[in-house]
Amino acid sequence: MSVALILWCYAAVLATVGATTLRRAGWTDRAPRLAIAAWQALSLSIVLATVFGSLALAVPIPQVSANLAELVESCAMAVQARYATPGGATLATGGLVLAALIAVRGVYCSMLEFSHSAAVRRRHRETLALVGRAAEDTGVTLLDDDRPYVYCVAGRRHRIVMTTGAHTRLERAQLDAVLAHERAHLRERHHLALAAAAALVRAFGWLWAFRVARDEVTRLVELSADDAASRTEHRLSLAEAMLTLSAGAPPSGTLAATGSTTATRIRRLITGHRPLAAWTGALGMTSALALVVAPLIALATPAMTAGPDCCGNEPARFAAADECAAVNRDCW
Amino acid sequence: MPKFGELEAVIMDEVWQAGEPVLVRDVVQALQREREVAYTTVQTVMEILFRKGWLAREKDRRAYRYWARQPREEYTAQLLSEAFDTTSDRGAAFSRLLQDLQPGEIAELGQALEEARKRGIGE
């Protein structure tokens, strides 16, 4: 019971304080890849903590014993004992159902999200193959259109697509910078990070933390691609290219209302930024990993150290599950 | 011999360029100016394109006349609107360089960029 409570509190804290802190953190813009990992760790940790928390209700954790047979026996007895009491049975069933619901919904929505976006991209690529033509110099797929657009279609047979409008407007250095940006998206498989974040919103969109995670990951993959492009091309060329593309594009009412991330990105490219030190990055990675492992440890620790169910008594001391249950009833 | 997928693109190119219903023979003749290609191959690929919904056809005496169901620009517009549709989850399948700048921002950023370039000369 206490393990369940700890895990649920952990999930609640991560989903509120954790998400707020990470969103406000100043270092995320300096290390976007690390920040993406942190959001993924946070999200995964919330899911794991809730699932394990619910499981902890259903399966009282028996003492780990050196003897496997004894372990199995004590485990079986503890479960039996839990179901023997009316309150325990309800709690256990409820926990089991909850854990299953969360897990199944998470997996189902992820599969839906990944297969849907893959299908959209496949159809898009098929049409591209007939409508677009390959640019001889860069290998990008060109579309005949005066509006300046650049995008990429990820996947095994990925494509960078550009309209002739964009191609003619951009100078060589700007073109290279834009291509480096798009190639970074493909190389770092940003579409998977985006799909994972979108899957959680699809599954548990009522949770604010997951919506923030998706918006942040969407923003951070752009920063990450900007950084990657800046390493090989001149960052001012990329800023110029983004400005050129924006200036030539027809105004879109829906986007303007959201406030421009693009403006922030261009300013970031103009001023340049100090990337996070390597040791800070390593520390961040460790923290992210710890975040995910924490619920596992919480679940495992009582099993390693604390006594089993039956109010902390050795289950082996009781002749039958009934007896263990009787003790449980008294102390619950 | 070129692959079917590649041929599909080349044939659609020809049909779009022709701008009027064409016979398989017309397409073969046009293609043979640049490459070696068998009549039956072109016929097969055009049948495939018809079944996929890219081409429409009508019997003209003993042969079919084919034409594109939609102009190329239409497909292009559809592709672009799909890729830049940020409101539905279809758009989530793509990464794009977004254009959400206000005219005021463009001017301001352009100036900042120019100054940075000037400063950058000494870098």
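Every number in this text was worked out from the coordinates using simple rules, so none of it is lab data. Model, not experiment: these values are computed from the prediction. FYI the Cβ positions are ideal-geometry reconstructions off the backbone, even for glycines, and counts take in every protein chain you see.
Taking every pair of alpha-carbon atoms in the stretch A:102-212, give the share separated by more than 15 Å as a whole percent. Counting every Cα pair in the stretch A:102-212, those more than 15 Å apart make up 69 percent.
Neighbouring Cβ atoms within 10 Å as the yardstick, rank A:S110, A:S43, A:S54 fewest first. Each step should come with its number before you reach the end.
Numbers: A:S110 17, A:S43 28, A:S54 22.
Arranged by neighbour count, lowest to highest, A:S110, A:S43, A:S54 become A:S110, A:S54, A:S43.
For chain B, the membrane-span-like helices by this rule, meaning whole DSSP H stretches whose C-alpha atoms cover at least 15 Å of axis and whose Kyte-Doolittle mean is -0.5 or above, are B:4-18, B:39-52; this says nothing about an actual membrane. Of the trypsin sites (Lys or Arg not before Pro) found in the stretch A:110-170, those in coil by DSSP whose Cβ has at most 11 other Cβ atoms within 10 Å are A:R156, A:R157.
For peptide B:73-80, the mean count of partner chain Cβ atoms within 10 Å of a residue's Cβ comes to 6. Sorted ascending by nearby beta carbons within 10 Å, beginning with the fewest, A:C109, A:C9 become A:C9, A:C109. Here chain B is described by how far its Cα atoms reach on the three principal axes: 71, 37, 24 Å, from widest to narrowest.
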